[in-house]
Every structure is written in C-alpha cells, then in structure tokens.
Amino acid sequence: VFNLLTNVYQPTRGAILLDGVNTAGKSTAQVNAMGIARTFQNIRLFSNMSVLDNVKVGLHNHIRENFFSSVTHAFGYAKAERAADARAKELLDVFHMADHAEEAAGSLPYGAQRRLEIVRALATEPGILLLDEPAAGMNEQESEELCGIIRDIPRNFEGITILVIDHHMDVIMSVCDEITVINFGKQLATGTPAEIQKNQAVIDAYLGVED
C-alpha cells in the first residue's frame, strides 16, 4: 500500500488520487512534492551526515535556488541556506532533538534515529505522513516515547493525516483513531480501537478459532 501511494509501485488497475489529482506517471519525488511523505521499516538516514543536514534534505521542496547559485554561493543561496538552517532547528526543537543537531545521524541511539527519520519526513511539509513499522526493533520504553511523538504530530502540524503500519498492537491501539485490519490481502475490518478489539472476525484470524 505504501509503495503504491508513493509510486514505488504503479497500480495495475484503478487510480490513486491526491486532492483529486491522479498520481499515475509521477516520480516518487513528485509525489512527495504533492504532499505524501514516508518513513521506512529499515531506517534510511544519511548516517555520515549531521542530524541537522538530514532534516535539511527534507526541506528540498522549499528551496528555490538553482545549481548555479549553489556553486557560486550567491546572495540568494546564502539566504536560503540560513532559512533552511532555522527551519531545520525549529523542527528538531519540536521533537526535543536540537541538542543533537551537529552529531552524525548514525551515532544516535536507535530510538532517536527513528525519531529523526520522522522529522525529516515532516520537513517536506506533507499532508499525508506514512509511518512504516515505526516501532520495529524498539523496546517498551522507546515504543511508549514513540507513541507520544506520533500523538503530538497533529497538534504541531495542522491538517496532517497519519497512516501507520505496525505489528505492535499496543502502539496501534494507542495512536490510531481508526484501524483497518488486512488478512491475506483482503480488508477484514475497519473501526475504532475498541471496535477492533471486540471484532470476532479479527480475533479468529489473528488468535485462531477453537476446535
């Protein structure tokens, strides 16, 4: 689903519309510019770059300077670079990571790297944020911290919609307003966390049926 939404895969039938615009034929970068950003199950940071520079990569949609100005470091480039630094630091501060701005991304603890990947995605100013198994590999404390971060995103980024895929049910039940359960590629149930927890079809599919 996430690969279809970001045009890593192209649908064999049907269409994906974003605000009424068909995403068919768009590159992943163009889809991102249209307002869809994602994180990955396996962390994909620029490990040798600083935390700050990783976030600035996410700001690429909003920097209008061209290749020539970046080579010559013309006045417009310097101004854009200062603005990018300020915005990146502002985003890091929202997620309590400003103190790590100059550290190499790969040197951060695992949970902080996950958090940084979310910050970088948010730097693109998406309307839809896709989180692909954000709690993968986390311990209980890291998962709890992650849940708090995800719940805070709509408060800090107005109008954003978050889609989360995860196998950690405590995370899903904690952060989601609506849950869709997929079983062998088919939609099994959709509802609130309370409704899903009581759904007999979901219980049978994931916990088994008594003989």
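The values are calculated or read from the model by the stated rules, or taken from the named source; none is laboratory data. Model, not experiment: these values are computed from the prediction. Counting neighbours? That spans all protein chains shown, and the Cβs are built from the backbone with ideal geometry, glycine included. Heads up: the accessible areas ignore ligands, DNA and RNA and are worked out on the full protein's heavy atoms, side chains in. Shrake-Rupley method; radii C 1.70, N 1.55, O 1.52, S 1.80 Å.
In the range 92-128, of all residues being among the charged types (D, E, K, R) and in a helix (DSSP H, G or I), the one that is farthest from Pro154 (Cα to Cα) corresponds to Asp99. Within the range 19-33, the residues that satisfy the criterion of being buried (at least 16 other Cβ atoms within 10 Å of the Cβ) and either in a loop (DSSP other than H, G, I, E, B) or touching a Lys or Arg at 6+ places or on another chain (Cβ under 7 Å) (or both) are Thr23, Lys26.
Of the residues making up the range 159-194, those that are touching a strand residue (DSSP E or B) at 6+ places or on another chain (Cβ under 8 Å) and of a type outside the set (A, V, I, L, M) are Thr161, Asp166, Cys176, Glu178, Thr180, Gln187, Thr190, Gly191, Thr192, Pro193.
Residues that are of a type outside the set (D, E, K, R) and free of Cβ contacts under 8 Å to residues at least 60 places away in the same chain were ranked within the range 43-59; the one that is nearest to Pro11 (Cα to Cα) is Phe46.
I'd like the residue in the range 91-133 that is touching a Phe, Trp or Tyr at 6+ places or on another chain (Cβ under 9 Å) and among the acidic types (Asp, Glu) and, out of all such residues, is most open to solvent (accessible area, probe 1.4 Å). Per the stated criteria, the residue is Glu125. Any residue at all in the range 150-170 that's in a helix (DSSP H, G or I), aliphatic (A, V, I, L, M) and at pLDDT 90 or above? Checked the range 150-170: at least one residue is in a helix (DSSP H, G or I), aliphatic (A, V, I, L, M) and at pLDDT 90 or above. Tallying residues that are out of contact with any His (no Cβ under 7 Å at 6 or more places or on another chain), open to solvent by less than 30 Å² (accessible area, probe 1.4 Å) and free of Cβ contacts under 8 Å to residues at least 40 places away in the same chain within the range 134-156 yields 6. Filtering the range 31-46 to residues that are modelled with pLDDT under 90 and touching a Pro at 6+ places or on another chain (Cβ under 9 Å) leaves only Gln41.
Give all pairs with beta carbons closer than 7 Å in which a residue from the range 2-16 that is in contact (Cβ under 8 Å) with a residue 12 or more places away in the chain and within 10 Å of Thr28 (Cα to Cα) meets a residue that is open to solvent by less than 40 Å² (accessible area, probe 1.4 Å) and of a type in the set (S, T, N, Q); count only pairs at least 6 apart in sequence or on separate chains. As it stands, the answer is Asn7/Thr23, since those pairs meet every condition given.
Take the conditions (1) in contact with a helix residue (DSSP H, G or I) (Cβ under 7 Å, 6 or more places away or on another chain); (2) surrounded by fewer than 15 Cβ atoms within 10 Å (Cβ to Cβ); (3) under 30 Å from Leu92 (Cα atoms); Asn183 misses just one of them, which is (3).
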